[in-house]
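Single-structure report; data block below.
Just so it is clear, none of the values below were taken in a lab; they were calculated from the coordinates. Not measured: the values here are computed from a predicted model. Using ideal geometry, Cβ is built from the backbone for each residue, glycine included, and neighbour counts are taken over all protein chains shown.
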Amino acid sequence: LRATAAIVVAISVWIRLVLFAATGLLLDPTLLAWVLMLLPVMVLGLWVGNRLHHALSGAGVLRLIAALLLGNGITLIVRAFEG
């Protein structure tokens with residue numbers, strides 16, 4: 001599961017990188033500013049993910065995924081009733 005998610009994310013990043021380069025958006029000053037602002041968040045996410053990877057068992061990962069899916073489902077239901 002972890003390897004599949006990593007590959008899907010990596011492929012998505014490479015596709016976006018190629019498309020941004022092909023359309024000229026890669027060197028947009030606004031995009032570069034966002035990249036610089038979000039680099040610390042990326043580093044924090046990598047650190048937290050690494051800690052979780054070492055701290056959670058297989059059952060813990062499944063519980064975390066179930067909790068995330070439940071939370072996303074609840075927000076989707078709330079959005080459906082709001083709008």
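Miscellaneous remarks
- Over the chain, DSSP H runs of length four or greater, each weighted -39,500 (n - 2.57), average out per residue to a 222 nm ellipticity of -31500 deg cm²/dmol.
- Spin-label pair Glu82/Ala59, simplified geometry with 7 Å Cα→Cβ offset, distance in nm: 3.6
- Gyration tensor verdict on the range 3-83 (Cα atoms; rounded if a/c is under 1.5, prolate if a/b is larger than b/c, oblate otherwise): oblate
- The angle between the Cα long axis of helix 2-23 and the longest principal axis of the Cα atoms of the chain comes to about 20 degrees, rounded to the nearest 10.
- Annotation for the range 53-75 versus the range 1-20: alpha-carbon center distance of 21 Å.
- Full-extension gain in nm, Asn50 to Met37, via 0.36 nm per residue minus C-alpha separation: 2.5 nm
- The range 63-70 - phi-based ³J(HN,Hα) in whole Hz, Karplus 6.51/-1.76/1.60, Gly and Pro as x: 5, 4, 5, 4, 5, 5, 5, 5
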